[in-house]
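The values are calculated or read from the model by the stated rules, or taken from the named source; none is laboratory data. Here the structure is a predicted model, which is why all the values come from computation and not from measurement. Please note: Cβ atoms are built from the backbone with ideal geometry, for glycine as well, and neighbour counts cover all protein chains shown. We work out accessible area using only protein heavy atoms, side chains counted, and drop any ligands, DNA or RNA first. Shrake-Rupley method; radii C 1.70, N 1.55, O 1.52, S 1.80 Å.
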Amino acid sequence: MTDLANYSNIRAVLERNGFNFKKSLGQNFLINPTVCPRMADAAVKSCDFGVLEIGPGVGVLTAELAQRASKVVSIEIDRRLQPVLAETMADYDNVKIIFDDFMRLDAAALISNEFGGMPVAVCANLPYYITSPIIMRLLESRLPIDNITVMVQKEAADRLCAAPGTRQCGAVSVAVGYYSQPKVLFQVSRGSFMPPPNVDSSVIQLSVLGRPPVKVSDEKGFFTFIRASFSTRRKTLSNAVGGVIGCSKAEFAELLGSLGIPSQVRAEQLTLEQFAAIYNRLNEEK
Ligand code: SAM
């Protein structure tokens, strides 16, 4: 069994297979042996868990997940890693690697076919170039997932986990808060990766909610409204959403006033509950 907690072993297996890193695929592999066990411990809450991993790379995290979970299914876009993973995963009979682009897969069908009724976690050191699209795809599809425990760039972590009503909050933070309870678990320095990226990272955990904390009359329309709200940071909410609300500025100011919200409010000052209240009222008045 290849000991993947050892940097020399990781280098050796990659060199043996003539692997060179592709920056365009976000290939920064973990070489700090303390990180993967902590991620796996957080994601796999009991030994009956199934885990979906995106981007196993050389398999450092995959091995830790396999030691804790009932089954691990890992999706890797880069077929050049096939011989590498064949070698590093040879001793794990509960790991299945699928070589494909995660963004093209039917994740709901995959989870149902591969994990049956098991509780499921998603755990990954995500390729930085598609962090938010992957997370939003997982959340918006309402997949039967217990938690999403992933490493992302620190700035992305701060944005994804920002509480509504705080300066860092954006459309993606509101969406994350609608579907899950987000938490930053720990920080990981850039020196923990090969090759080292230009920024530090954080491991975050999104505990997926069975039901959103607020009720909205039309989810798709709600998120169009949220995206418009944050589309221009310097503008007031009223100016930002002008094109999507179908009422005059004066009527919108009156609506905000009736909810006790100042007319000059900006999107980042609003809570999820306030967003839902404004959106539902707008829909009532249509
Ligand atoms: N898990 C490994 C680790 O922690 O060392 C590798 C993490 S590396 C940051 C991201 C991995 O995701 C790479 O192996 C890359 O090839 C893979 N990847 C990139 N885009 C992908 C996609 N769309 N679908 C599946 N895997 C992808």
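Figure legend: label point modelled 7 angstrom from the Cα of N32 along Cα→Cβ; residues of region 141-156 with amide N under 14 Å from it are 151-155. With 10 Å bins beginning at zero, the pair-distance distribution over Cα atoms of the chain amounts to 6, 27, 30, 19, 12, 5, 1 %. For the chain, relative contact order (Cα pairs under 8 Å, six or more residues apart, normalised by length) works out to 15 percent. Between S263 and E155, residue separation times 0.36 nm minus the direct Cα-Cα distance comes to 35.8 nm.
Coupling constants for region 180-196 follow from the phi torsions by the Karplus curve (6.51 cos²θ - 1.76 cosθ + 1.60, θ = phi - 60°), and in residue order they are 8, 10, x, 8, 7, 8, 6, 9, 10, 6, 5, x, 7, 10, 10, x, x Hz; glycine and proline get x. The residues of region 128-190 expose on average 42 square angstrom of accessible surface per residue, using a 1.4 Å probe on protein heavy atoms.
Computed over region 16-82, relative contact order equals 32 percent, with contacts defined as Cα pairs under 8 Å that lie 6+ residues apart.
Close amide H contacts of F29 (hydrogens built in the peptide plane, cut-off under 5 Å, sequence separation of 5 or more or a different chain): M194. Spin-label model, N113 to N9: label points 7 Å out along the Cα-to-beta-carbon direction sit 3.2 nm apart.
Rounded to whole numbers, the Karplus 3J(HN,Hα) couplings from phi for region 157-164 are 4, 5, 6, 4, 9, 5, 6, x Hz, using 6.51 cos²θ - 1.76 cosθ + 1.60 with θ = phi - 60°, and x at Gly and Pro.
Sparsely packed loop sites in region 171-275 (the trypsin sites (Lys or Arg not before Pro) outside DSSP H, G, I, E and B with at most 12 other Cβ atoms within 10 Å) comprise K215, R233, R234. Taking 0.36 nm per residue of sequence separation and removing the Cα-Cα distance, the L209/A163 pair yields an extension gain of 15.0 nm.
Cross-link pairs exceeding 24 Å between alpha carbons, from the set K45/K183; K45/K71; K22/K220; K183/K215; K23/K71: K22/K220; K23/K71.
Here the contact order of region 169-286, divided by its residue count and restricted to Cα pairs under 8 Å and six or more residues apart, works out to 25 percent. Ligands, DNA and RNA left out, the accessible area of the chain computed with a 1.4 Å probe is 49% carbon and sulfur. I want the antiparallel fraction of DSSP beta bridges within the chain, as a percent rounded to 5. Of the beta bridges lying entirely in the chain, close to 50 percent run antiparallel. Round to the nearest 0.05 the FRET efficiency obtained for Q82 and S46 when R0 = 45 Å and r is the Cβ-Cβ distance. Computed FRET efficiency for Q82 and S46 comes out at 0.90. With semi-axes defined as the square roots of five times the eigenvalues of the C-alpha gyration tensor, the equivalent ellipsoid of region 170-286 measures 34, 17, 11 Å, largest first.
All distinct Cα pairs of region 27-118 go into the 1/r average, and the inverse of that average, the Kirkwood radius, is 13.4 Å. For region 3-42, dividing the convex hull volume of the Cα atoms by the residue count gives 78 Å³ per residue. Extending 7 Å from the Cα toward the beta-carbon at both Q67 and D91 defines two label points whose distance is 1.0 nm.
Extension gain, F21 to K220: 0.36 nm times the residue separation minus the Cα-Cα distance gives 67.8 nm. Note that region 196-285 presents 53 Å² accessible area per residue, ligands and nucleic acids not counted, probe 1.4 Å.
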